[in-house]
1. Please go through region 10-30 and give me each residue that is over 16 Å from Lys54 (Cβ atoms) and touching a strand residue (DSSP E or B) at 6+ places or on another chain (Cβ under 8 Å), ordered by number.
2. Out of Ala21, Ala42, I need the residue that is more than 26 Å from Pro89 (Cα to Cα) and either surrounded by 14 or more Cβ atoms within 10 Å (Cβ to Cβ) or not hydroxyl-bearing (Ser, Thr, Tyr) (or both). Which one?
3. When the residues of region 29-72 are narrowed to those that are hydroxyl-bearing (Ser, Thr, Tyr) and touching a Phe, Trp or Tyr at 6+ places or on another chain (Cβ under 9 Å), which ends up nearest to Met1 (Cα to Cα)?
4. Can you tell me how many residues in region 31-46 are assigned to a helix (DSSP H, G or I) and out of contact with any strand residue (DSSP E or B) (no Cβ under 7 Å at 6 or more places or on another chain)?
5. Here's a check for you: in region 1-18, which residue that is in a strand (DSSP E or B) and surrounded by 15 or more Cβ atoms within 10 Å (Cβ to Cβ) is farthest from the chain's Cα centre (by Cα)?
Amino acid sequence: MFTKRFLKSGKVKVEFTLPDAIAANTESAYLVGDFNNWDESATPMTRYKNGKFKIALDLEPNREYQFRYLINGSLWHNDWDADRYVANPFSGDNSVVNTSPD
């Protein structure tokens, strides 16, 4: 899941949180998407003492970003609460976060 906050700077702070059911059996989690050119190691999520994996990014407004979570280096998961989903070329879907204020 993710939350969006519209900043005075014009950016949109998006905090991504791995769903608890996935986090329970996770050693490492990365957020991978348009914002990091789909680099599988560029954006590691932080595991907190409560077991949650989170990361916050400042994204450009009025855009849609496709993304997925990479778990333990080999398992891909979507965000269950994404704004929408789009097909990817690997026989699956990508999650989408929309940074428009509407």
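1. Correct list: Lys11, Val12.
2. Every option except Ala21 fails the conditions.
3. Only one residue tops the list, namely Tyr69.
4. Result for region 31-46: 1.
5. Residue satisfying both the conditions and the ranking: Val12.
Every number in this text was worked out from the coordinates using simple rules, so none of it is lab data. None of the values given here were measured: they were computed from a predicted structure. Heads up, the Cβs are rebuilt from the backbone with ideal geometry, glycines too, and the neighbour counts pull from every protein chain shown.
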